[in-house]
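A.B. asks: Take this structure first; my questions come after.
The values are calculated or read from the model by the stated rules, or taken from the named source; none is laboratory data. All values derive from a computational prediction rather than experimental measurement. Here Cβ is always computed from backbone atoms with ideal geometry, including for glycine, and neighbour counts include all displayed protein chains.
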């Protein structure tokens, strides 16, 4: 299906989210939509998916003008949207989620299963479980996805939910697929499976739109790229166009990588000795880890392999089952969270909106909450000045009274950083740059590295191998219910890291001895 | 001399006592599965009991009584639907006010009917089934209303888990935004579930005043509505478990009257509260993660039914209006915050 977007505009208050956007998406091609956070990619996607109505301009599908009043309209017209967080139903089973609000026509499209005439109406009332199961499994087999129709959706990984949603859209006859940041939070293997499915769909003549801020995704998959900047089309390019050109189009300038000088100094910031930690699913052991001041430790692995547990154990939010935890030389094993805070541990969770910040409160109120001076009453002027200082220092796009949930992902991360005390001994981060565009991510890392230079040790979990390799001094790999001993980045390649995440933890047998030596020679 | 027979008759009485609760709890389960809390059950049940009795008395037809009671329950539910679904106000506040309002209304309007003898549902035992040992006297020597409640529980289960419409109700109660994206009419589904649930709560009221304790007196059904609401929660928002909860309550409360005579030193309230204390214990056990850990040891085939049977998670969107807020915050895309960074 060919999608033509003609002079589409959409405003939100004073913001021009889309400003006179025109572009054409060809059938049988993957069209990349690039841009920094807030450039208007998501708005355009929502307009195409029937979730938003444009203020001006129009859409043509295969040459015919269309008006989309709802996502169901868009799907009826052949456009399916795969949202970053799939729109499914966690408590239901895979099969039920597949069947929700499924039009009867979609089932009739199967054709082969001729129903007895008398059962026609009853079949419309009851769930066609068997037919749907067959259809789902057949589709899954076609794309090499493994699907268990009876599993609860809540127990699936993000990548599996995404596959399921993709199959559902295809089974409903989608001729164009719009994917919003599909590679965020899924494993490397799932990304491969997704990309090969998309390449196949492209050959089938589907139009595919890939919204992303990851250049690697775009380079791997796209035939053509449109770059949006501040709601306008900044440029188009045939692929391969070269990363430098795309970055220049996105930001209007070339970006330099933050310089990664060794920051590890003397003194132990965090010491773990023979710790055991876990939850009802995992039981992990780590023989020994000594993190020096200013050192950066990356935690690699598929999401949910225990990285978060280790971070929470170091933050004092999860009690270790055995062993000792010490921060800055003070033994904190079994001590409560406030003791960890006093010892200088700071933790930024991945879910900024639910765990990191308090939705409903403003930046100012967040500043007030961690007021350094005790007292019954709030000191409005002092708090306002502190909030303004934080906004200024971290270049948050917002005002002291802006509620945090109104901030974009990048600005929420800035706000979280702003709220951390200045002199942390240990900073624990989960997916520090998730959802951030390249410029924001680099900026965040500049801030983090500045803290390292001041002596803060850093532990961060990430699913981006590039990020792990670029910024870590040493890496712990979580895989299959185990944690590897720390491996110096100097001994790693992207490929080997990928294989370790895939389960080959035992390969670097000499690793336990290695990290100590190169780590010491670092500074 | 015949202890078995006595026990059976006790259980049969208990089952009959639980019938009003079964109707109300299954109705409320249906409503809450769609993501709507109809907190008015206490008042709604009481008012329907009064209206049902009055209608049956004046027309001489028990059926007319039930129809009037169902209409009353649906009418009260309509207020919840308009205020809580269409106008997106707090369902808790609306339901609570209605609960009190309807209870008082039943006293005001029901004055002329207090302690007036009236029609009741005629007893009817089922010819062959009543002679089955144990099951016969327990289930099939009652009246049509009780039999209909068995049918209702089965139908509610089939509806929720085996029909397209039932799946839609569950979907709308969990993720209304996702259901909307798939073309479902969230408000319509929720309104329908609320009205049907309300009508069933109304029938529960009439089941009380035309069958279980026929007649009308001031605050005749007092407490039953709240109990039904509690049973919905303890029943894990499942119609069968809600019905079992209602039966458990019936059994324990008829044992309370026995216990009271057997153990006069123990206050009767101990027995009437016991069912809830027990249910809280069960809930605490099932939600402690113990089952999850236990289930992890089992193969998939055994794990799923086990976890499903004890799952008591409320629908994710329960009590939350959709679309989320009147100012349309939900409609704002992520990119539309404080401009481009």
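A.B. asks: Got a sec? Which of A:393, A:387 is outside the structural domain of residue A:315 (by TED's automatic domain parsing) and farther than 23 Å from residue A:263 by Cα?
C.D. replies: A:387
A.B. asks: Just the residues that are under 30 Å from residue A:14 (Cβ atoms) and more than 14 Å from every other protein chain (Cβ to nearest Cβ), please, taken from segment A:215-249.
C.D. replies: Within segment A:215-249, A:225, A:226, A:233, A:235, A:236, A:246, A:247, A:248, A:249 meet the criteria.
A.B. asks: From the list A:382, A:355, exactly one residue is surrounded by fewer than 19 Cβ atoms within 10 Å (Cβ to Cβ) and under 24 Å from residue A:441 (Cβ atoms). Which is it?
C.D. replies: Just a single option satisfies the conditions, and that option is A:355.
A.B. asks: Among the residues of segment A:293-342, write down those that are in a strand (DSSP E or B) and under 30 Å from the mean Cα position of the chain (by Cα).
C.D. replies: Initial filter on segment A:293-342 (in a strand (DSSP E or B)): A:296-301, A:322-327, A:330-331.
Listed by number, the residues that qualify are A:296, A:297, A:298, A:299, A:300, A:301, A:325, A:327.
A.B. asks: Among the residues in segment B:102-112, are any surrounded by fewer than 21 Cβ atoms within 10 Å (Cβ to Cβ), part of a helix (DSSP H, G or I) and touching a strand residue (DSSP E or B) at 6+ places or on another chain (Cβ under 9 Å)?
C.D. replies: no
A.B. asks: Take the residues of segment A:96-112 that are part of a loop (DSSP other than H, G, I, E, B) and facing another protein chain (nearest Cβ under 8 Å): which is modelled with the lowest pLDDT?
C.D. replies: A:103
A.B. asks: Go through segment A:282-292 and give me each residue that's within 14 Å of chain B (Cβ to nearest Cβ) and either part of a strand (DSSP E or B) or farther than 20 Å from residue A:505 by Cα (or both).
C.D. replies: Answer for segment A:282-292, where residues must be within 14 Å of chain B (Cβ to nearest Cβ) and either part of a strand (DSSP E or B) or farther than 20 Å from residue A:505 by Cα (or both): just A:283.
A.B. asks: Would you check if residue A:168 is free of Cβ contacts under 8 Å to residues at least 60 places away in the same chain and within 14 Å of another protein chain (Cβ to nearest Cβ)?
C.D. replies: no
A.B. asks: Could you run through segment B:131-156 and say how many residues are in contact (Cβ under 8 Å) with a residue 24 or more places away in the chain and within 13 Å of another protein chain (Cβ to nearest Cβ)? Spell out how you get there, then give the answer.
C.D. replies: In the first step, residues of segment B:131-156 are kept if they are in contact (Cβ under 8 Å) with a residue 24 or more places away in the chain; the result is B:134, B:137-139, B:141-143, B:145-146, B:149, B:152-153, B:156.
Filter again for within 13 Å of another protein chain (Cβ to nearest Cβ), leaving none.
Counting residues in segment B:131-156 that are in contact (Cβ under 8 Å) with a residue 24 or more places away in the chain and within 13 Å of another protein chain (Cβ to nearest Cβ) gives 0.
A.B. asks: In segment A:383-410, how many residues are part of a helix (DSSP H, G or I), within 14 Å of another protein chain (Cβ to nearest Cβ) and out of contact with any strand residue (DSSP E or B) (no Cβ under 8 Å at 6 or more places or on another chain)? Step through it out loud before you land on a result.
C.D. replies: In the first step, residues of segment A:383-410 are kept if they are part of a helix (DSSP H, G or I); the result is A:383-393, A:404-406, A:409-410.
Among the residues that remain, those that are also within 14 Å of another protein chain (Cβ to nearest Cβ) are: A:391, A:404-406, A:409-410.
After this cut, where a residue has to be out of contact with any strand residue (DSSP E or B) (no Cβ under 8 Å at 6 or more places or on another chain) as well, the list is A:391, A:405-406, A:409-410.
Final tally of qualifying residues: 5.
A.B. asks: Look through segment A:23-45, keep the residues that are more than 19 Å from the chain's Cα centre (by Cα) and either in a loop (DSSP other than H, G, I, E, B) or within 12 Å of chain B (Cβ to nearest Cβ) (or both), and return whichever of them is nearest to residue A:409 (Cα to Cα).
C.D. replies: Out of the qualifying residues, it is A:44.
A.B. asks: Further question on the same structure: Just a yes or no: is a residue in segment B:118-127 at negative phi, assigned to a helix (DSSP H, G or I), touching a residue at least 24 places away in the same chain (Cβ under 8 Å) and under 25 Å from the mean Cα position of the chain (by Cα)? Give the steps one after another, and end with the answer.
C.D. replies: Step one: list which residues in segment B:118-127 are at negative phi, which gives B:118-127.
From the residues that got through so far, the ones that are assigned to a helix (DSSP H, G or I) too are none.
No: segment B:118-127 contains no residue that is at negative phi, assigned to a helix (DSSP H, G or I), touching a residue at least 24 places away in the same chain (Cβ under 8 Å) and under 25 Å from the mean Cα position of the chain (by Cα).
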